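**Q** Got a structure for you, questions after.
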Amino acid sequence: MTRILAIESSCDETACAMVEDGKTILSNIVSSQINTHTLYGGVVPEVASRIHVENISAVIEEAVRESGYSVSDADAIAYTLGPGLIGSLHVGVLAAKTLAFAFHKPLVPVHHIAGHIYANAFVSELCFPLLALVVSGGHTQLIWMKEDNCFEEIGTTVDDAIGEAYDKVARVLDLGYPGGPAIDKLAKQGKKNSDYVLPRPKTANPYDFSFSGLKTAVLQLNDRLKRKGKEVSKEDLAWCFQETALNLLVDKTMLAAKEYQPKMLVLAGGVAANSRLRELIIERAEELKGIKTVIPPLKYCTDNAAMIGAAGYAAYCHGEFGTMSDAADPGLEMPGES
Ligand code: KG4
Ligand code: ZN
């Protein structure tokens, strides 16, 4: 048995977990700051790092206690090295280094997106080659994994991330923060509306994404309707935005899956919690013969430390250890990217 104590603090969740062999969660504590950031309409980096400092010790203590083990029983300390907010990352990096130093444990730095992908290991043993659709607040990527712990980006957004587009459209529609869940909910009451035609942005690389034009189109449409004194159906606009954005994501994923022929297709990241995206991926996956499709349970879609423990286990098995001089990296690239 290999036990990994994992820490995640890249954005606005302070989290710690104990994970066994990359697939069994012994504890998974997440302290969300969402109520605080909602007051400001988005994550305020300075506030986020301050709350991480206030909470991290209690979160670690609780995760260790709930696991039924002690820190000395862990084989390694995994933590998110990046990407994310620099001040937030620093807190987790320092906590991990402190534990590693005090308990003489190896350090395993983890890429946050690798964590999101490995959250699927809690559902099913991962089979390689694997294709992952990563959809979060900061990332929209198609990642090809020829084998365990090996990442290659085959597509990415050329402008906004999908989660960012959701959050900005939600702001235009006065839905508050975070926008993703609010649009998800509102779109259920909406329908196709022939007045709300939105563009499907094109990209040079067929596996790349673009959401900035779509976001601007929603903004302009909303302004135009208001100027003309027409009532805006937020439900229909949310429906049209969501259908356009998600079909774009799923179309490209299907295209890549048919071309690359992975053994497994997985969904990853905060936007993987979206009910319509989950529905669409499962529906469309029927086109893919012989490819197993996995979506993570809702609680492992958004930021948590169990996923860092799972990705940390893969890195640990490949002997990828960090040092005391590793520094938080807000723009960290995927391992294998150049
Ligand atoms: O992965 P995550 O928790 O943090 C990052 O690593 O960025 O993703 C956060 C993003 C936010 O943009 C949030 O609006 C979006 O995930 N999100 C959703 C849903 N739940 C969270 N987007 C669409 N539908 C949802 N149900
Ligand atoms: Zn995330």
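**Q** Mind listing whichever residues of segment 288-327 are among the β-branched types (Val, Ile, Thr) and within 16 Å of ligand 1 (Cβ to nearest atom)? Talk me through it step by step, then tell me what you get.
**A** Of the residues in segment 288-327, the ones among the β-branched types (Val, Ile, Thr) are 291, 293-295, 302, 308, 323.
Across segment 288-327, the qualifying residues are Ile295, Thr302, Ile308.
**Q** Another question, then. Among the residues of segment 174-192, which ones are modelled with pLDDT of 95 or more and not in a helix (DSSP H, G or I)?
**A** Within segment 174-192, Lys188, Gln189, Gly190, Lys191, Lys192 meet the criteria.
**Q** Same structure, new question: I'd like the full set of residues that are modelled with pLDDT of 95 or more and open to solvent by 20 Å² or more (accessible area, probe 1.4 Å), limited to segment 125-137.
**A** Listed by number, the residues that qualify are Glu125, Leu126, Cys127, Phe128, Pro129.
**Q** Can you name the residue in segment 222-250 that is assigned to a helix (DSSP H, G or I) and open to solvent by 50 Å² or more (accessible area, probe 1.4 Å) and is also farthest from Leu142 (Cα to Cα) among such residues?
**A** Ranking the candidates gives Arg227 first.
**Q** Could you count how many residues in segment 158-168 are more than 14 Å from ligand 2 (Cβ to nearest atom) and either under 14 Å from the mean Cα position of the chain (by Cα) or part of a helix (DSSP H, G or I) (or both)? If you could, list the steps in order and put the result at the bottom.
**A** Here is the first cut: in segment 158-168, the ones more than 14 Å from ligand 2 (Cβ to nearest atom) are 158-160, 165, 168.
Filter once more, keeping what is either under 14 Å from the mean Cα position of the chain (by Cα) or part of a helix (DSSP H, G or I) (or both): 165, 168.
The qualifying residues number 2.
**Q** Within the bounds of segment 158-173, is there any residue that is without any contact (Cβ under 8 Å) to a residue 40 or more places away in the chain and within 20 Å of Ile281 (Cα to Cα)? Give the derivation first.
**A** Taking segment 158-173 and keeping what is without any contact (Cβ under 8 Å) to a residue 40 or more places away in the chain, we get 170.
Next cut, within 20 Å of Ile281 (Cα to Cα) only: none.
No; the residues of segment 158-173 include none that is without any contact (Cβ under 8 Å) to a residue 40 or more places away in the chain and within 20 Å of Ile281 (Cα to Cα).
**Q** Now a separate question. Just one of Ala114, Ala121 is within 16 Å of ligand 1 (Cβ to nearest atom) and crowded, with 21+ Cβ neighbours inside 10 Å; which is it? Explain how you work it out, then say what you get.
**A** On the way: Ala121 fails: within 16 Å of ligand 1 (Cβ to nearest atom).
One residue alone meets the criteria, Ala114.
**Q** While we're on this one: Is it the case that some residue within segment 27-41 is open to solvent by less than 10 Å² (accessible area, probe 1.4 Å), at pLDDT 95 or above and closer than 21 Å to Tyr300 by Cβ?
**A** Step one: list which residues in segment 27-41 are open to solvent by less than 10 Å² (accessible area, probe 1.4 Å), which gives 27, 33, 37.
Checking which are at pLDDT 95 or above leaves us with 27.
From what's left, closer than 21 Å to Tyr300 by Cβ: 27.
Yes, because at least one residue in segment 27-41 is open to solvent by less than 10 Å² (accessible area, probe 1.4 Å), at pLDDT 95 or above and closer than 21 Å to Tyr300 by Cβ.
**Q** Output the residues belonging to segment 124-156 that are of a type in the set (S, T, N, Q) and within 16 Å of ligand 1 (Cβ to nearest atom).
**A** Listed by number, the residues that qualify are Ser136, Thr140, Gln141, Thr156.
**Q** Follow-up. Could you list all residues from segment 251-277 that are closer than 19 Å to Pro181 by Cβ and buried (at least 17 other Cβ atoms within 10 Å of the Cβ)? Break it down stepwise before answering.
**A** Of all residues in segment 251-277, those closer than 19 Å to Pro181 by Cβ come to 267-277.
If the condition is that a residue be closer than 19 Å to Pro181 by Cβ and buried (at least 17 other Cβ atoms within 10 Å of the Cβ), then Leu267, Ala268, Gly269, Gly270, Val271, Ala272, Ala273, Asn274, Arg276, Leu277 are the ones that fit.
**Q** Next question. Of the residues that sit in segment 256-270 and are assigned to a helix (DSSP H, G or I) and in contact with a Phe, Trp or Tyr (Cβ under 7 Å, 6 or more places away or on another chain), which one is farthest from ligand 2 (Cβ to nearest atom)?
**A** Quick first cut of segment 256-270, residues assigned to a helix (DSSP H, G or I) only: 256-260, 270.
From what's left, in contact with a Phe, Trp or Tyr (Cβ under 7 Å, 6 or more places away or on another chain): 256, 260.
Values: Ala256: 21, Tyr260: 24 Å.
It comes out as Tyr260.
**Q** Considering only segment 271-290, state which residues are without any contact (Cβ under 8 Å) to a residue 60 or more places away in the chain and part of a loop (DSSP other than H, G, I, E, B). Walk me through it before giving the result.
**A** Going residue by residue through segment 271-290, those that are without any contact (Cβ under 8 Å) to a residue 60 or more places away in the chain are 278-280, 282-290.
Selection gives Leu288, Lys289, Gly290.
**Q** Regarding segment 277-287, can at least one residue be identified that is assigned by TED's automatic domain parsing to the domain that holds Leu133, closer than 26 Å to Leu186 by Cβ, of a type outside the set (Gly, Ala, Ser) and within 16 Å of ligand 2 (Cβ to nearest atom)?
**A** The answer is yes, given that some residue of segment 277-287 is assigned by TED's automatic domain parsing to the domain that holds Leu133, closer than 26 Å to Leu186 by Cβ, of a type outside the set (Gly, Ala, Ser) and within 16 Å of ligand 2 (Cβ to nearest atom).
**Q** If you don't mind, there's one more thing I want to ask. What's the number of the condition Thr323 fails, among (1) outside the structural domain of Leu94 (by TED's automatic domain parsing); (2) in a helix (DSSP H, G or I); (3) of a type in the set (Ser, Thr, Tyr)?
**A** Result: Thr323 fails condition (2) only.
The values are calculated or read from the model by the stated rules, or taken from the named source; none is laboratory data. This structure is a prediction, so every number in the text was calculated from the model and none was measured. We place every Cβ from the backbone using ideal geometry, glycine too, and count neighbours over all the protein chains shown. Side chains included, ligands, DNA and RNA excluded: accessible areas come from the protein's heavy atoms. Shrake-Rupley method; radii C 1.70, N 1.55, O 1.52, S 1.80 Å.
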